[in-house]
Amino acid sequence: MLRRYLLRQLVAMLPTLVGITLLTFIISHVAPADPVRFAAGPHATQEQVEQLKRYFGVDQPLHLQYLNYLRGLLGGDWGRSIRSKQPVLADLARYFPASLELVGAAIFLAVLLGVPLGVVSALRRNSLVDNLARVVAVAGVALPAFWLGLLLQLTLAFQWQLFPAVGRYSPELGRPAAITGIYTLDALLNGNWTAFSDTLRHLALPAFTLAVNPLATITRMTRASMLEVLSRDYIKTARASGLAPWTVITKYALKNAMIPTTTMIGLNVGWLLAGSFLVEAVFSWPGIGLYTVESSFYSDFQPIMGSTLVIGLTFLLVNLAVEALYGLLDPRIRYG
Amino acid sequence: MKGVFQRWLSAAALAVMVLLGIGLGGASENILDVYSLVDIPNIDPGTTLDGIGSETVRNLYDPLLREVGEEQPIPWLAESYEVSPDARVWTFHLRPGVTFHDGSPVNAEAVRFTFNRFLTMNQGGVAFIFGPVMDLNSVQVIDDLTVQITLTRPFGPFLKAIPLVFIVNPQVVLAHEVNGDLGAAWLAQNEAGSGPFVIKDWQPGQLYEFTRYDNYWQGWEGPHLQGVRWRVTREASTRLAAIRSGQADRIDWMTADDWLALQGDTYGDPQNFGPQNNLYHIKLNNQQVLADGVTPGPLQDKLVRQAMSYAFDYEALVQAAAQGFGRQPQGPIARTMPFHDDNLLIYARDLERARSLLAQAGWSDSNGNGIVDKDLNGDGQPEPLEIDFVFVSGLDLYEQVGLIFQASLAEVGIHVNVIGSPWANIVGQQAAGPAEAWDSYYVTTAPEFNDPHAALFPEYHSSNAGSWVYGDFYNNPQVDQLLEEGVASADEARRGEIYQQVQRMLVDDAAEIFALEVDNFAQDIFARDVCGEKFVPGPNAWFWYGIYFCSLAS
């Protein structure tokens, strides 16, 4: 049942993905920008600009350019950056794992801290912990992430030198041999503990900065749904039957309360992937958000389209995974 | 319950301890840590001339002659050269015993390959400088260490431009050729040079590491760096904190305020701080037309442009953009350029003069609304003197320039609309021609080599229509002719006369507002312990071979 549902959903993604390519293509081509002229430099004659346009295939009519682009996508040729002349796919293979690592760590931290905080807040309603959690949540939503990042960087990295300020690894120690491009994971796979702790230390500040906002929403969401579930009859029955409080909370209450939180987590992955560029800028984290934003400064449209497609695809896949998780959390949910 | 949270808390505490327990990496001995705003997208010496790409190229490769700020470039890979009396045939004698990084010799064939590669690709950079005066037969190998370049016509700035040609290793380049691209994709992120440094690691968007080439022909006697680390650091406050904490040895793209804040406690060698060839312009569309697409706009009138030049508040710009570390330019090229005319008229601010020029051009405030007007299209309805100024959105300084422009011109009854737009869009609209282009915008130009041809030709010769530095759409056949003669002449005295005449004509025409000359502070700030290398206005880039840590020199 689930497998058929997932397959159907995967097929249904295709029109969405084609829609994304079409939309980004149109948006990046309606601006009166001329990236080739820019890349050619101020000395280029009109003739030389035309020659470069032919080289990048942007001299053709728009519909042909779009069809060529789609054909390339299927054949593994996602175009070239006009600015760096590198294949977009190679660039994405470099920047996307960095983003995945950062966003993954941020979500991990947010769940690790947010869910227990939400549960405790719900159990000890209006207690000191609950009020503190509320303050953290409001602050987490209200504080601009890049500002918090700068503050953490100034104090923890530059002032007290507890963490590295920028980058993904210390050049003195070298970076782990590339396997996945996710450095912490690569270090683990290589069994290189020095590199693991080094890359983890580089990840700490940006991941925490990025985690604060989802942490806030996850805490509040968990608290609200826990409160709702805890007032249900079956919880009272479970308690009355003499089940251990820990079992009631984790097995009966939390599991049911996790459905809205899981949805929230899924949505956050997508938002963070695209929206983390300010944090990436502060910590010099070479992620896909910054890559996309910079490409857009130069109207370098192939990278813009490529990264939008990857972010869109990840968003769809994560949300599909979230839907699949619903069934695990609540066996009553049927896929049809 | 309690026990579980205790366990959870202690796990978290343990994780933090593990994170903090490992000390920071070892101190970076004799390695220059650069925290730079700028990424390095392309280091192919055949296609790049942009600032950072060319700084990297300058250190990975060697040219035949190198620009070091002397009157003429000094012998480098070529130990001597001769030139024919008509300045068309240049013979270079290469230094023996110089090797590329793979150990193969730098020879005449490599020089021939280098020129023919960029001429064939014709994709920007040096190709656009040498393309008009060379063809694929221009470079002849005489013997292993002698190469002869025959130009299709004399090229006045040849000697000044030759340091931009960096010699590549043909074997390495051809080994990485894909689909006949002459190694372009590979060389954009790899090197095939003979320069003092080699690439140690290349991580686009984050970190570039360079280390010494041990067999560099000049040797490593005396104080030199072991290597350079280039960290891409987008956030200005991070760069500032990095140099303050001692983690960075050089930062760039800072504001005058930042420089003032750091002055005295970081900046190294004071001789690095000085004038440069960059010039800041407010381009005025000399072929402006009104919205109907036919009626000549007010900017077509020389008197209006002169009035604007007199009305502009240069001192406010010097303060806003450079905290006083700059000055109003004297004409269209920087004072540091050869052949600069030191007697040129400077449009010192004079509001009365500006008003009288406007009146002379037929502009008056007929309806008393504070904006001067004039009937331009003959419909009996006067048009107000109103122009658009576009700045690169996101660049606060450029917006500030717009506001100063707006405030200065308002005092003589000219209204300026200040509008932000992405840079790529501004470039695109300039390319679409004078009717589509913006009325005015602010742009910085950095001539690629230390000769007025590099500054004046792209900006004021009418063949450059479409380029964003030709933002004035200045079209003067006499200036066109002089610029053509200047570049084709090898007679220095005659070139001097020509370029000074062009400067006078551009100033008299008030082709644009020559807005600002800034000292080299915002580009690069070095830590106090950095010594050596003097800033050279010509290339506007550093040669790392000459830089060292003062404390390690003794």
- [ ] Answer with yes or no whether A:A187 is hydrophobic (A, V, I, L, M, F, W, C), in contact with a helix residue (DSSP H, G or I) (Cβ under 6 Å, 6 or more places away or on another chain) and within 19 Å of A:V115 (Cβ to Cβ).
- [x] no
Task: Test: A:S121 is among the small types (G, A, S), within 16 Å of the chain's Cα centre (by Cα), assigned by TED's automatic domain parsing to the domain that holds A:A216 and part of a helix (DSSP H, G or I) - done: no
Task: Within region A:265-289, considering residues that are open to solvent by 20 Å² or more (accessible area, probe 1.4 Å) and within 12 Å of chain B (Cβ to nearest Cβ), the one nearest to A:Q153 (Cα to Cα) - done: A:L278
TODO: Please verify whether region B:25-46 includes one or more residues that are at pLDDT below 85 and more than 11 Å from chain A (Cβ to nearest Cβ).
DONE: no
Open item on the list: So in region A:182-215, with the set limited to residues that are among the small types (G, A, S) and farther than 13 Å from A:S276 by Cα, which one is farthest from the chain's Cα centre (by Cα)?
Closed with: A:G191
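From the list A:M264, A:M305, A:M258, which one is assigned to a helix (DSSP H, G or I) and either under 29 Å from B:Q429 (Cβ atoms) or without any contact (Cβ under 8 Å) to a residue 12 or more places away in the chain (or both)? Spell out how you get there, then give the answer.
On the way: A:M264 fails: either under 29 Å from B:Q429 (Cβ atoms) or without any contact (Cβ under 8 Å) to a residue 12 or more places away in the chain (or both); A:M258 fails: either under 29 Å from B:Q429 (Cβ atoms) or without any contact (Cβ under 8 Å) to a residue 12 or more places away in the chain (or both).
After ruling out the rest, the residue left standing is A:M305.
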Open item on the list: Considering only region B:334-350, I want to know if a residue exists there that is open to solvent by less than 40 Å² (accessible area, probe 1.4 Å), in contact with a strand residue (DSSP E or B) (Cβ under 6 Å, 6 or more places away or on another chain) and either closer than 23 Å to B:D451 by Cβ or in a helix (DSSP H, G or I) (or both).
Closed with: yes
TODO: Take B:L357 and decide whether it is in contact with a helix residue (DSSP H, G or I) (Cβ under 9 Å, 6 or more places away or on another chain) and either assigned to a loop (DSSP other than H, G, I, E, B) or open to solvent by 40 Å² or more (accessible area, probe 1.4 Å) (or both).
DONE: no
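Show me the helices (runs of 4 or more DSSP H) entirely contained within region A:2-106 in which 1 or more residues are away from chain B (no Cβ under 12 Å), among the β-branched types (V, I, T) and under 30 Å from B:A431 (Cβ atoms). Walk me through how you get there before you give the answer.
On the way: elements: A:2-30, A:35-40, A:46-56, A:62-74.
The qualifying helices (runs of 4 or more DSSP H) are A:2-30.
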- [ ] Output the residue which, of all residues in region B:62-85 that are charged (D, E, K, R) and open to solvent by 60 Å² or more (accessible area, probe 1.4 Å), is nearest to B:V139 (Cα to Cα).
- [x] B:E82
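Applying the selection to region A:175-228, what residues are charged (D, E, K, R) and either touching a Ser or Thr at 6+ places or on another chain (Cβ under 6 Å) or not in a loop (DSSP other than H, G, I, E, B) (or both)?
To start, the set of residues in region A:175-228 that are charged (D, E, K, R) comprises A:175, A:186, A:198, A:201, A:220, A:223, A:228.
A:D186, A:D198, A:R201, A:R220, A:R223, A:E228, listed by residue number.
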TODO: List every residue pair whose Cβ atoms sit under 9 Å apart, with the two residues 6 or more apart in sequence or on different chains, where the first one lies in region A:176-190 and is within 18 Å of A:A207 (Cα to Cα) and not assigned by TED's automatic domain parsing to the domain that holds A:V103 and the second, anywhere, is modelled with pLDDT of 95 or more and among the aliphatic types (A, V, I, L, M).
DONE: none
Task: Unmet criterion (only one of (1) part of a loop (DSSP other than H, G, I, E, B); (2) within 16 Å of B:P157 (Cβ to Cβ)) for B:G466 - done: (2)
TODO: Only residues that are open to solvent by 20 Å² or more (accessible area, probe 1.4 Å) and facing chain A (nearest Cβ under 10 Å): list them for region B:241-257, please.
DONE: B:R244, B:S245, B:G246, B:Q247
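The values are calculated or read from the model by the stated rules, or taken from the named source; none is laboratory data. If you're wondering where the values come from, they're calculated on a predicted model, not measured in any experiment. Glycine gets a Cβ as well: all are built from the backbone with ideal geometry, and neighbour counts include every protein chain shown. With ligands, DNA and RNA removed, areas are computed over all heavy atoms of the protein, side chains included. Shrake-Rupley method; radii C 1.70, N 1.55, O 1.52, S 1.80 Å.
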